[in-house]
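The values are calculated or read from the model by the stated rules, or taken from the named source; none is laboratory data. Just so we're clear, the structure is a prediction, and the values are computed from it rather than from any experiment. Cβ placement follows ideal geometry from the backbone for every residue including glycine, while neighbour counts extend to all protein chains displayed.
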Amino acid sequence: MAIYGVAILAFCYFAGNFIGDMLGALLKVKANVGGVGFAMLFLILLIDYLQSNKMISKASEGGIAFWSAMYIPIVVAMAAQQNVLAALKGGPLAILAGTIAVLVAFLFVPILGKITKPSTDDEWKK
Amino acid sequence: MDLVKMGTALFVKNGLLTAFMVIGVVTWLSYYVSNLTNKRIHGSAIAIVFGLLMAYWGGLMTGGNKGISDVKVLSGIGLMGGGMLRDFAIVSTAFGARLSEIKKTGLAGVLSLFVGIVTSYIVGVALAFMFGYTDTVSMATIGAGAVTFIVGPVTGAALGASSPVIAISIAAGVVKSILVMILTPLMAPYIGLNNPQAAMVYGGLMGTTSGTAAGLAATDPRLVPYGAMTATFYTGLGCLLCPSILFLMTKAIFG
């Protein structure tokens, strides 16, 4: 049933964010440290375990696939509620700081990319 | 019988469903425009720019700070694109991710987080200095804003920065996240952003979860889980480094 997939997803969300909050508290930071990342790891591991033991049906997976497919529309909704006006009103300092920070980061993508083992997965290139 | 009033009340009362409908129409329009360009510009990239334009218009109309969702009929967009559903959907994209790809990134992924935070911070501090903010607290706060729009105010609050400086730091972070959304699909071919490893490095360098998520979605949706995974550690690490080590180093240099 689809709800099983959605429930697994929600469980991973909470488990990950709980760890992120704990990590934040341990490091004395006023932020969640990597909660979403941990949640994603949990989901990958849990789904892998369930699939290899044939414990999850296609219908249950559909519950997760649905949210995955809703991801881009949700991002559009997210874009629609950014404070774009304030970003422009922040003046030249804010605009320059944001812009140059992004350009510098783009520059480093190929540099750091060289350290990684290149993907040998041909399936990816399709 | 006031049909407009009845309709409006219905939309307001069922905000989330209104958002589904409106975003559906926006997406359809965007893909239509994309087809007009022979798909040279990806539909989701157009949809995101569309969303940003709506946000700008909403800010103009209402004077609020939450874009189009401050327009009462469209308040459901705030829920649909808010933190809860956004993170829920980001986690769900991991369904398509492969652990073997993540393991390959290893050291570069961790390194990208530190390089991303430190370079953004330095850019922010240098520009703040050039614009006449010569006290260490203001420079550090604006530097932290160039990291992300969450790290900026967190750092500013921790160091006791003034409210206008905190506002600038938030604005710098928002500019960054918006630019990442728009520029990523355009830059991707030139920086080799076409595989999971590059996406993880990219997520660590950019850090803004919203920007990274939207930028990768517009580039290649299969890359989203990899970039989002590293980006999600960025804000926490930034909140850790900026008010502490990076602030102290700034203080040591500028006094």
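I need every pair where a residue in region B:226-250 that is at pLDDT below 90 has its Cβ under 8 Å from the Cβ of a residue that is outside any helix (DSSP H, G or I) and charged (D, E, K, R), sequence separation at least 6 or different chains.
So the pair list comes out as B:C239/A:K30.
If I ask for residues that are basic (K, R), part of a loop (DSSP other than H, G, I, E, B) and more than 20 Å from B:T230 (Cα to Cα), which ones from region A:1-59 would you list?
First, pick out the residues of region A:1-59 that are basic (K, R): A:28, A:30, A:54, A:58.
After this cut, where a residue has to be part of a loop (DSSP other than H, G, I, E, B) as well, the list is A:28, A:30, A:54.
Across region A:1-59, the qualifying residues are A:K28, A:K54.
Suppose we filter region B:110-142 for residues that are in a helix (DSSP H, G or I) and more than 8 Å from chain A (Cβ to nearest Cβ); how many remain? Before the answer, list the steps.
Here is the first cut: in region B:110-142, the residues in a helix (DSSP H, G or I) are B:110-130, B:136-142.
Right, trim to more than 8 Å from chain A (Cβ to nearest Cβ) and you get B:110, B:113-114, B:117-118, B:121-122, B:125-126, B:129-130, B:136-141.
Summing the residues that are in a helix (DSSP H, G or I) and more than 8 Å from chain A (Cβ to nearest Cβ) in region B:110-142 gives 17.
Inspect region A:59-75 for any residue being β-branched (V, I, T), within 30 Å of B:G63 (Cβ to Cβ), in contact with a Lys or Arg (Cβ under 8 Å, 6 or more places away or on another chain) and buried (at least 19 other Cβ atoms within 10 Å of the Cβ) and give the result as yes or no.
Filtering region A:59-75 for residues β-branched (V, I, T) gives A:64, A:72, A:74-75.
After this cut, where a residue has to be within 30 Å of B:G63 (Cβ to Cβ) as well, the list is A:72, A:74-75.
Next, only the ones that are in contact with a Lys or Arg (Cβ under 8 Å, 6 or more places away or on another chain) stay: A:74-75.
From what is left, the residues that are buried (at least 19 other Cβ atoms within 10 Å of the Cβ) are A:74-75.
Scanning region A:59-75 turns up at least one residue that is β-branched (V, I, T), within 30 Å of B:G63 (Cβ to Cβ), in contact with a Lys or Arg (Cβ under 8 Å, 6 or more places away or on another chain) and buried (at least 19 other Cβ atoms within 10 Å of the Cβ).
Is it the case that region A:69-87 has a residue that's assigned to a helix (DSSP H, G or I), closer than 22 Å to B:S44 by Cα, without any contact (Cβ under 8 Å) to a residue 12 or more places away in the chain and more than 7 Å from every other protein chain (Cβ to nearest Cβ)?
yes
Search region B:47-60 for residues that are free of Cβ contacts under 8 Å to residues at least 12 places away in the same chain and pair each with any residue that is assigned to a helix (DSSP H, G or I) and surrounded by fewer than 24 Cβ atoms within 10 Å (Cβ to Cβ) when their beta-carbon atoms are under 7 Å apart and the residues are at least 6 apart or on different chains.
Between residues of region B:47-60 that are free of Cβ contacts under 8 Å to residues at least 12 places away in the same chain and residues that are assigned to a helix (DSSP H, G or I) and surrounded by fewer than 24 Cβ atoms within 10 Å (Cβ to Cβ), the close pairs are B:Y56/A:L85; B:G59/A:L85; B:L60/A:L85.
Across region A:17-62, what is the number of residues that are facing chain B (nearest Cβ under 7 Å), more than 19 Å from B:V110 (Cα to Cα), touching a residue at least 12 places away in the same chain (Cβ under 8 Å) and under 13 Å from the mean Cα position of the chain (by Cα)?
So the answer is 1.
For region B:134-150, enumerate the residues that are modelled with pLDDT of 90 or more and either among the aliphatic types (A, V, I, L, M) or in contact with a Leu (Cβ under 6 Å, 6 or more places away or on another chain) (or both).
B:V137, B:M139, B:A140, B:I142, B:A144, B:A146, B:V147
If we keep just the residues of region B:21-36 that are of a type in the set (S, T, N, Q) and surrounded by 12 or more Cβ atoms within 10 Å (Cβ to Cβ), which is modelled with the lowest pLDDT?
First pass over region B:21-36, keeping only residues of a type in the set (S, T, N, Q): B:27, B:30, B:34-35.
After this cut, where a residue has to be surrounded by 12 or more Cβ atoms within 10 Å (Cβ to Cβ) as well, the list is B:27, B:30, B:34.
Details: B:T27: 95, B:S30: 94, B:S34: 88.
Across region B:21-36, the extreme among qualifying residues is B:S34.
Has region B:93-109 got at least one residue that is touching a Gly at 6+ places or on another chain (Cβ under 6 Å), more than 21 Å from A:G35 (Cα to Cα) and part of a helix (DSSP H, G or I)?
Our first condition is that a residue be touching a Gly at 6+ places or on another chain (Cβ under 6 Å); within region B:93-109, this holds for B:109.
Among the residues that remain, those that are also more than 21 Å from A:G35 (Cα to Cα) are: none.
No, region B:93-109 has no match at all.
Just a yes or no: is a residue in region B:114-131 hydrophobic (A, V, I, L, M, F, W, C), closer than 30 Å to B:T27 by Cα, in contact with a Cys (Cβ under 9 Å, 6 or more places away or on another chain) and buried (at least 24 other Cβ atoms within 10 Å of the Cβ)? Before you say what the answer is, go through the steps one by one.
The first filter runs over region B:114-131 and keeps only residues hydrophobic (A, V, I, L, M, F, W, C), leaving B:114-115, B:117-118, B:122-123, B:125-131.
Now drop any that are not closer than 30 Å to B:T27 by Cα, which leaves none.
For region B:114-131, residues hydrophobic (A, V, I, L, M, F, W, C), closer than 30 Å to B:T27 by Cα, in contact with a Cys (Cβ under 9 Å, 6 or more places away or on another chain) and buried (at least 24 other Cβ atoms within 10 Å of the Cβ): absent.
Go through region B:52-101 and report how many residues are touching a Phe, Trp or Tyr at 6+ places or on another chain (Cβ under 8 Å) and under 20 Å from B:T232 (Cα atoms).
10
If a residue has to be in contact with a helix residue (DSSP H, G or I) (Cβ under 7 Å, 6 or more places away or on another chain) and either assigned to a helix (DSSP H, G or I) or of a type in the set (D, E, K, R) (or both) to count, how many in region B:61-86 make the cut?
Going residue by residue through region B:61-86, those that are in contact with a helix residue (DSSP H, G or I) (Cβ under 7 Å, 6 or more places away or on another chain) are B:62, B:64-81, B:85-86.
Those still in the list that are either assigned to a helix (DSSP H, G or I) or of a type in the set (D, E, K, R) (or both) too: B:62, B:66-70, B:72-74, B:76-80, B:85-86.
Final tally of qualifying residues: 16.
On the given criteria, is B:T155 outside any helix (DSSP H, G or I) and either within 10 Å of chain A (Cβ to nearest Cβ) or hydroxyl-bearing (S, T, Y) (or both)? Outline the logic, then answer.
Numbers: outside any helix (DSSP H, G or I): no; either within 10 Å of chain A (Cβ to nearest Cβ) or hydroxyl-bearing (S, T, Y) (or both): yes.
In short, no.
Could you count how many residues in region B:174-203 are at the interface with chain A (Cβ under 8 Å from one of its Cβ atoms) and of a type outside the set (A, V, I, L, M)?
The qualifying residues number 7.
Looking at region A:6-16, which of its residues are more than 7 Å from every other protein chain (Cβ to nearest Cβ), buried (at least 19 other Cβ atoms within 10 Å of the Cβ) and of a type in the set (F, W, Y)?
Scanning region A:6-16 gives no hits.
Of all residues in region B:33-60, which are more than 13 Å from chain A (Cβ to nearest Cβ) and part of a helix (DSSP H, G or I)? Spell out how you get there, then give the answer.
To start, the set of residues in region B:33-60 that are more than 13 Å from chain A (Cβ to nearest Cβ) comprises B:33, B:35-41.
Listed by number, the residues that qualify are B:V33, B:N35, B:L36.
Filter region B:167-218 for residues that are among the hydroxyl-bearing types (S, T, Y) and over 25 Å from B:V110 (Cβ atoms) and give the result. If you could, list the steps in order and put the result at the bottom.
Taking region B:167-218 as the starting set, the residues that turn out to be among the hydroxyl-bearing types (S, T, Y) are B:169, B:177, B:184, B:190, B:202, B:208-210, B:212.
Passing the criteria: only B:S169.
Taking B:G76 as meeting all but one of (1) closer than 20 Å to B:G215 by Cα; (2) over 18 Å from the mean Cα position of the chain (by Cα), write down the number of the exception.
It fails just one condition, (1).
Out of (1) of a type in the set (G, A, S); (2) out of contact with any Phe, Trp or Tyr (no Cβ under 9 Å at 6 or more places or on another chain); (3) modelled with pLDDT under 90, what's the single condition that is false for B:A128?
B:A128 satisfies every listed condition except (3).
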